[in-house]
Amino acid sequence: MKKLMKLGATICFAVSVLHSFSQTVTKSYNGTVAGAVCPEIGIQYEVSLPTGFSGCQITWTVINGEKQSQSGNTVYIKWNDTPGAKAKLKATFSNCGSGNEANNGKVSNEFEELILSVKNQSWGSYGNSVNVDYCTKGQVLITMPRMFVQGTGGIGQPAQTEVAYAWTLPSGWKEVGTGRTGFFGTPVNFITIEPIDCSKPANVTVFGTLASGYSG
Amino acid sequence: MKAALFITIFFGVYVLQAQSLGDLKLPEPKRFIDKIEIFAGPNLSFNYGNKFVDNYYDGVIKNTRLTKIGYWVGLGLYHPITARIDVNAKVQWEQKGAKAELNRPLGNDRQTITSEYTYNYTSISISPRYLLGKKKVAISFGGYVAMISSVRGQEIYSDPSGGPSVNNNFEGRYWSIIDPDGAIRNWTFIPGLKSFNKYDYGLILGVSYGVSLKKRHNLLFYLVDRYGLQNVYNDKFSENLLEKNHTVSISLGYVLQCPNKKSKIKLL
């Protein structure tokens, strides 16, 4: 039993030491969806520089994104708006100088997350018109099929992520309750609208959106 | 015979009169270094050789070369050769470098990256000068050798969707690999002077104008174009691109004329 405890303590110590001397790429904040990241906005990442790495040449490689800017050992990445794609980032160290040759060729962990994207994603089936009596003041409920981000909600995937819904009402119509007109967003897939004066034929548009307005 | 003797005596007296001691003028012996100068002024760098420092446009990215302003300060010595030719040796501390603005697509926007690299060199130059006319104007042609001592870099990123500009200051060199669509998906940072060649050398072409203040005190305005022949960066790193120094420098110098040596004539 004692031997087992010693072995466990040794392994824990070794792991903690290895971790403290490893080069790790980390994201500057935790998003609302674990294991996923939003596209088309600058996300900050940092690579740790343990002792012996400060003089190394650092080569960054990004997949499904591009560098937006950098400062010291931090970098801002803008990920591509590609449904189902994985965001990948790593740093490779080389030419670390005399005395640090052992660090040459070391590669940080590859940071990997799902890109939350609903670009060009199709809606489920829905009715494309609602009949109301001309020039009445009746309310109209518009419901869209719920839209989820590709690659979320499955086994081993980030939590299922539903889009927000961005609506555009035609002139002469407003949202019931809030009185909002024109362009606004809702976290739910339905709205109730009513005519401001009397109902006239018009189109309501809606798109699914993530952090910075990427639609399906 | 008599006539010949007369002519000889006549011309002999004439010659002796022409070389009388009162009229005897020997050339004044010059010192080995007859002028000393201190100078300072701006260095304008126009480095060239790759798409990150030259004017460049490929339909996707556009790079615009900007004037990198630095300084140079140093000491000069002048060694006379003839009345119109001397050799000017200078040792100077100076800033060279490159400044450019890269415009590229980033998502749905376009991004501007303004980069400025300052290379600090200690240089020695030697250039013979030829004095024109009244010896106020001189032209010079020569060469220089320089040793880099430090480097500083700055990159400022600006794009409409990126919020406030990001200012990145560092000691070393960043190289980006830009894909055909303008995206930067690979880039490398080489710290310190690792990516630099320690020495640079090149050619000098200059023109100067001297103004006399007092008997031994002068001001010297100097305009010089220095063209580097050596790649600023070494070939140890595959990421390094070709870049050569090119500076146009202006200086204002104070020149002290050393007194000539006194002639020592022994009268026997």
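The values are calculated or read from the model by the stated rules, or taken from the named source; none is laboratory data. Since the structure is predicted, the reported quantities are computational estimates derived from the model, not experimental observations. Cβ atoms come from the backbone with ideal geometry, glycine included; neighbour counts cover every protein chain shown. These accessible areas exclude ligands, DNA and RNA; they are computed on the full protein's heavy atoms, side chains included. Shrake-Rupley method; radii C 1.70, N 1.55, O 1.52, S 1.80 Å.
General remarks:
- Between chain B and chain A, roughly 2100 Å² of accessible surface gets buried, counting both sides and using a 1.4 Å probe.
- Order of exposure, largest accessible area first, which applies to B:V232, B:V166 with probe 1.4 Å: B:V166, B:V232
- Whole-Hz ³J(HN,Hα) from phi, Karplus 6.51 cos²θ - 1.76 cosθ + 1.60, for the range B:225-240, glycine and proline x: 10, 10, 10, x, 10, 9, 5, 4, 9, 8, 9, 7, 10, 5, 6, 4
- Where A:D81, B:D181 fall by accessible area, highest first, once all protein chains stay in place (1.4 Å): B:D181, A:D81
- Under 20 Å from B:K236, Cα to Cα: aspartates and glutamates that are on another chain or at least 8 residues apart: A:E101, B:E171, B:D200
- Here the convex hull built on the C-alpha positions of chain B has a volume of 201 cubic angstrom per residue.
- Solvent exposure of A:K137, expressed as accessible area, is near 130 Å², computed with a probe of 1.4 Å over the protein chains only.
- With the convex hull of the Cα atoms taken as the outline of the protein assembly as shown, the averaged projected area works out to 47.2 nm².
- Average projection area in nm² (convex hull over Cα atoms of the range A:27-128, one quarter of hull surface): 7.8 nm²
- Where trypsin sites (Lys or Arg not before Pro) fall in DSSP loop in the range B:192-240, at most 14 other Cβ within 10 Å: B:K198, B:K214, B:K215, B:R216, B:K236
- Relative contact order of the range B:113-169, defined on C-alpha pairs under 8 angstrom at six or more residues apart (%): 39 percent
- Calculated [θ] (222 nm, deg cm²/dmol) that DSSP helices of n ≥ 4 give over the protein assembly as shown, each run adding -39,500 (n - 2.57): -2500 deg cm²/dmol
- For A:S69, residues with placed amide H under 5 Å, excluding near neighbours: A:Y76
- Counting Cβ atoms of other protein chains within 10 Å of each Cβ in B:243-252 and taking the mean gives 0.
- Greater than 29 Å apart at Cα, pairs in A:K90/B:K244; A:K88/B:K96; A:K27/B:K99; A:K78/B:K96; A:K67/B:K62: A:K90/B:K244; A:K88/B:K96; A:K27/B:K99; A:K78/B:K96
- Carbon and sulfur %, accessible surface of chain A computed with the full protein complex present, 1.4 Å: 55 percent
- Calculated FRET efficiency, B:N234 to A:S54, Cβ-Cβ distance, R0 = 25 Å: about 0.75 to the nearest 0.05.
- Residues considered: A:N64, A:N203, A:N128. Largest GNM mean-square fluctuation over chain A, using C-alpha springs under 10 Å, is found at A:N128.
- For the protein assembly as shown, accessible area per residue (1.4 Å probe, heavy atoms of protein chains only), Å²: 55 Å²
- Theoretical FRET efficiency, 1/(1+(r/R0)^6), r = Cβ-Cβ of A:E46 and A:R180, R0 30 Å, to 0.05: 0.15
- Pairwise inverse Cα distances across chain A, averaged and inverted, put the Kirkwood hydrodynamic radius at 21.2 Å.
- Table column - 3J(HN,Hα) (Hz), the range A:162-179, Karplus curve with 6.51, -1.76, 1.60, x for Gly and Pro: 9, 6, 8, 10, 10, 10, 10, 8, x, 4, x, 10, 9, 7, 5, x, 8, x
- Label-to-label distance, nm, for residues given as A:T143 and B:Y57 (7 Å Cα→Cβ offset): 5.6 nm
- Against chain B, whose longest principal axis comes from its Cα atoms, helix B:2-18 is set at around 50 degrees.
- Residues whose amide H falls under 5 Å from that of B:Y48, counting only those 5 or more places apart or on a different chain, are B:K244, B:H246, with hydrogens built in the peptide plane.
- Nearest 10 degrees, 0 to 90: helix A:2-20 Cα axis against chain A principal axis: 70 degrees
- Per-residue mean of C-beta atoms belonging to partner chains within 10 Å, peptide B:102-112: 3
- Heavy atoms of B:Y48 accessible to a 1.4 Å probe, total area in Å² rounded to 10: 60 Å²
- Of the residues B:K62, B:K244, ranked by 1.4 Å probe accessible area with the largest first, the sequence reads B:K62, B:K244.
- Gyration tensor (Cα) of the range A:143-210, equivalent ellipsoid semi-axes in angstrom: 30, 10, 9
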